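In what follows, a single structure is set out as structure tokens and then discussed.
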Amino acid sequence: MSTPAGDDDDEENWVDDEPMAGPHPVTSFLTNRLYTMFQGASKNAIKFVPDLFRRAPPSPPPPYMTPPTDSTPVHTLPAELLADIFQLGQDAHAELHEEIHADVDEDDEDEFMPFEILASHVCKRWRDVALGTPSLWVYVDFGEGPPFERSIAYLERSREAPLEVVIDCTSDSDDESDDSDGPEHEHEHDDGNETEEVSEDEGEEIAVLPEPEHAPPPPPSPPDTMSSLASRGRTHSSDGGSTHKASNDGKVKPSDLPTVRDLILPHAARWRSFDFRASSYAVVHGILHALAPIAELPTLEELQLHHYEENDEDDEHFPYKEMIGPVLPFNGKAPRIKSVSLWGVHLDWENCSFLRSPTLQHLELAYHALDVRPSYDAFKAILTDAPLVALSLSSSSPSDSPANWPTAKISVNTLTALTLGQLPPPHVSALLTRLHLPSLKFLALDFDPDDHSGTLEILSHPTQGLARGLETLKLNGMHASSAARKTFYAALSGVRELRIQAHHLPEHFVDALIPGALDEGDSDADEPAPPPGSANGAIKKHALTLPLLHTLIIMGVEGEVIRSLVAARSAEGAPLKTLLVERGDEIAQEDEEWLRKNVEEFDYYDDSEDEDDIEELDIEDGMEIDMMDEDEEMGSGSESEDEDGSEEGGLDGPPIGLDVD
């Protein structure tokens, strides 16, 4: 597969084995990025970083002297330091590309060229260093399609480094996935290793995307302490992982999975993360059987198995009876597991020892039919044996009827984040009355329009309720009476951050945040009184809801109401410091200008953005300033920098074409 360096017409030139010659813009990129990356390490060192890349014009040599070699000081850096710079550049490059193209349609988005490829094409020395740094080549997604030359090259170059494996077999439409499921398909297993032969149309496209936009909405995202694998598809974790976006929009078809399986299974002992997604459960079932013969995954830290097909007709019965039998992948052993996310995929709950591992911290269970959920005993064993920090349950809970659950408390002293979504009130009430979570700080609730007044009453219990210890609350959807909401809000005396999706909440959930907006003397009154004006100077003292609240992330509320909320809380001596508003909400320019002047931090966010993107904004310390960011409309966001950033006399080597397919 090797091709001559610099051949821009060759579609594979970006994985060839020869460097390209000539100046390259990556020098300018590194110069700017190094300012940001090293500023925390040494303020004095920053002054000298640009000198590494700047040519000082030499004095004219005497006629009898040989002219000096034209080179930049970066060539004098030790290989080890250059490798560290490449690692930092790889992380920053993917993030920068995502920021620049955040508002660009996917069809118009520039081709993403991975940083490790860019660096390896600058000059021979950089290529030698890049190819000699295995950690740069650990992200493998097989997105280029057969014969998978790129992924094979990455597997070889990563040597023995822990791998980040992503295999996405989600289809582009529900119609395509429907043809893949059902008893009419044959499932062939050879000692449990063969994936099912699933009939697919030749023209069918199976999306290979780090985070498929067509997937059904995820359950409520936990806070920073529980970063769902699903929400980290585009950029992977920073603790030893690679920040990397998929190289292209290539497709992986189920018919190609046997080839992919044969390529990746020999490297199973060094998987650090395994992320598999599919629209067809037959494909998921085949992968589970392919994983079953593996003795254990000794380095696996993150596991994500997601089935994206929606099944709204029957939440009680698993629809594929021939595949209902539980499977035990890799003998249930992953001694270093930290995070597990299972959407619509059931396992052998009783024998899956990695779900009870002393290293497991994050667990997400979602979209399981009642007859394939873990038993109450298995569920209790998971919670009591694993030191969970974050637990997310969406359309998933113990399989038994709540009336049959033992009444003894389940203590999880380590749990700080709990997400509950799409569960009927009896299941929610039964869970909350049995869970003892003394360290809980974050709670997210997202329910269908059932009456969850009883849920709020349990949370508000004066001695056993979870509300009094909360610092962050996220309300995505629920229905409850004004009386239940009033009691619940009264118990939230320690909440400092509130994230609220008003589209799926009764109006009184928002109105109650405005002092004086509701007549709380009538606990059954759902209709708000006229909100207090922001300029009439007649705001009276009223009972204050959530007195410590300083950060509000809100969606589905008009600008006039938000302005009244900010003004009223300021008048009561409890001003908001940070306000994030959904970009699609109706905020008049006058209201926006007023809000920017009356809160310390005001910003917009998009509903399509990952919740993690919002969570990563450390408003207390200010947004991270990126040397390469353009001046965007982000409130107090990033500072603008010189977009050119180029300097003459760069490293030798011609530019690499970034439009390689």
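So the values come out like this:
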{"item": "Qualifying positions in segment 576-630 - of a type in the set (Lys, Arg) and either modelled with pLDDT under 50 or under 23 Å from Pro547 (Cβ atoms) (or both)", "result": "Lys577"}
{"item": "Test: residue in segment 426-439 that is more than 19 Å from Arg373 (Cβ to Cβ) and buried (at least 20 other Cβ atoms within 10 Å of the Cβ)", "result": "yes"}
{"item": "From the options Pro531, Pro506, residue that is modelled with pLDDT of 90 or more and part of a loop (DSSP other than H, G, I, E, B)", "result": "Pro506"}
{"item": "Any hit, segment 346-369, residues being of a type outside the set (Asp, Glu), closer than 19 Å to Val284 by Cα and out of contact with any Pro (no Cβ under 9 Å at 6 or more places or on another chain)", "result": "no"}
{"item": "The lone exception for Ser392 - which of (1) assigned to a loop (DSSP other than H, G, I, E, B); (2) out of contact with any Lys or Arg (no Cβ under 9 Å at 6 or more places or on another chain) it fails", "result": "(1)"}
{"item": "Condition broken by Ala290, with the remaining ones in (1) farther than 25 Å from Leu440 by Cα; (2) among the hydrophobic types (A, V, I, L, M, F, W, C); (3) not in a helix (DSSP H, G or I) satisfied", "result": "(3)"}
{"item": "Residues (within 15 Å of Thr299 (Cα to Cα) and in contact with a His (Cβ under 7 Å, 6 or more places away or on another chain)) located in segment 140-172", "result": "Leu163, Glu164"}
{"item": "Subset tally (residues that are at pLDDT below 95 and either among the polar types (S, T, N, Q) or closer than 21 Å to Gln422 by Cα (or both)) for segment 489-498", "result": "1"}
{"item": "Positions within segment 480-502 being surrounded by fewer than 18 Cβ atoms within 10 Å (Cβ to Cβ), touching a helix residue (DSSP H, G or I) at 6+ places or on another chain (Cβ under 8 Å) and either among the hydrophobic types (A, V, I, L, M, F, W, C) or not in a loop (DSSP other than H, G, I, E, B) (or both), in sequence order", "result": "Ala483"}
{"item": "Segment 429-458 - residue that is outside the structural domain of Ala490 (by TED's automatic domain parsing), part of a helix (DSSP H, G or I) and aliphatic (A, V, I, L, M) and, of those, farthest from Tyr376 (Cα to Cα)", "result": "Leu432"}
{"item": "Hey, Asp400 farther than 20 Å from Thr455 by Cβ, surrounded by fewer than 19 Cβ atoms within 10 Å (Cβ to Cβ) and of a type outside the set (A, V, I, L, M, F, W, C) or not", "result": "no"}
{"item": "Selection status of Ile553, under 31 Å from the mean Cα position of the chain (by Cα), closer than 22 Å to Leu473 by Cα and either modelled with pLDDT under 90 or crowded, with 19+ Cβ neighbours inside 10 Å (or both)", "result": "yes"}
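The values are calculated or read from the model by the stated rules, or taken from the named source; none is laboratory data. Keep in mind that this is a model prediction, so the values were computed, not measured. Heads up, the Cβs are rebuilt from the backbone with ideal geometry, glycines too, and the neighbour counts pull from every protein chain shown.
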